[in-house]
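Q: Shown below is the structure under consideration.
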């Protein structure tokens, strides 16, 4: 099922096409070490109840997609083994899919086995922060299930990060000779690789990878020039800027005080053509997105 079909089918009764407005993806971290402090701990005895409560809150406050992940990608985070990630993600997806059968679910993972289990449990989208580069079997899973995929640009190194007690961590940026053009060309390579593996073009969305292997200035340039990236590549774009360290560095605020900074990035991202924004603060960001969309479409 292509991205367009997910939001315009009799099954979910959404009644609009991707591109009609910017969509909202709510972040659901089934992790004990989320950088934003909002993780749902897998060892909690009432974990399923907490997951369903958060899912209901997100869905009732504007989320179009729930993005479920079991491994933190924050700078300095410990890698999570396949077995542990499966233990976190699969039950969460299964519970949400059962309780909210019309909800659109994505799985945030770079491991093929986790993606496969999540899709079997009821997920609809693969969101891979390594763009299928970390696990060569990921494309096979995507093709087998014929699902939409989100391919993210990522030059970061998990153990190569700067950690700050107040601002959190930031991946140390590698050297770019021609930043924007290099990002565009590397995303193009991800797209071509996925298509060669059998993924249909209409099933591809791209993520420029804000916060992953970029400086604060480069992250802001990416958001400000989403329109250039979109025009160059011709694919829908997901923006994931929520609460990230470049906001903390710019405003000198910790992760739990980045709502306003995130709002600025989301509003500009919508104006520059983002098709989906991935956020922690769903209720607030839904209003930001809807207001920005309304202004952009006024008089049309």
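Bear in mind that the values in this text are calculations on the coordinates, not laboratory data. The shown structure was predicted, so the numbers you read here are calculated from the model rather than taken from an experiment. All Cβ positions, glycine included, derive from the backbone under ideal geometry; neighbour counts span all protein chains shown.
Q: For a Förster distance of 22 Å, can you work out the FRET efficiency between the beta-carbons of residue 99 and residue 283, rounded to the nearest 0.05?
A: For R0 = 22 Å, the calculated efficiency reads 0.65.
Q: For residue 232 and residue 49, what does the FRET efficiency come to when R0 = 41 Å and r is the distance between their Cβ atoms, rounded to the nearest 0.05?
A: Approximately 0.35, to the nearest 0.05.
Q: Dividing the Cα radius of gyration by the Kirkwood radius, what Rg/Rh value follows for region 192-295?
A: Result for region 192-295 is an Rg/Rh of 1.00.
Q: I want to make sure I understand the PRE zone here: with the label point 7 angstrom from the Cα of residue 195 toward its beta carbon, which residues in region 233-273 have backbone N atoms less than 19 Å away?
A: 233-238
Q: Between residue 155 and residue 260, with labels modelled 7 Å along Cα→Cβ, what's the label distance in nm to one decimal, could you check?
A: In this crude label model, residue 155 to residue 260 measures out at 3.3 nm.
Q: Using alpha carbons only, how many angstrom separate the centre of region 178-238 from the centre of region 80-99?
A: First find each Cα centre; the distance between them is then 28 Å.
Q: Sorted from fewest to most neighbouring beta carbons within 10 Å, what does the list 110, 176, 235 look like?
A: Working: 110 22, 176 15, 235 18.
Ascending Cβ contact count within 10 Å gives the list 176, 235, 110.
Q: For 241, 72, what's the fewest-to-most ordering of other Cβ within 10 Å of each Cβ?
A: By the 10 Å Cβ count, ascending, the order reads 72, 241.
Q: Can you compute the modelled spin-label distance between residue 186 and residue 293, with each label point 7 Å from Cα toward Cβ, in nm?
A: Each label point is offset 7 Å from its Cα along the Cβ direction, giving 3.1 nm.
Q: Continuing with this model, one more query. Fewest first, what order do 51, 191, 247 take by the number of other Cβ atoms within 10 Å?
A: Least crowded to most crowded, the residues run 191, 51, 247.
Q: Starting from the Cα of residue 176, move 7 Å in the Cα-to-Cβ direction to define the label point; list residues of region 138-156 whose amide nitrogen is under 15 Å from there.
A: Zone members listed by number: 152-156.
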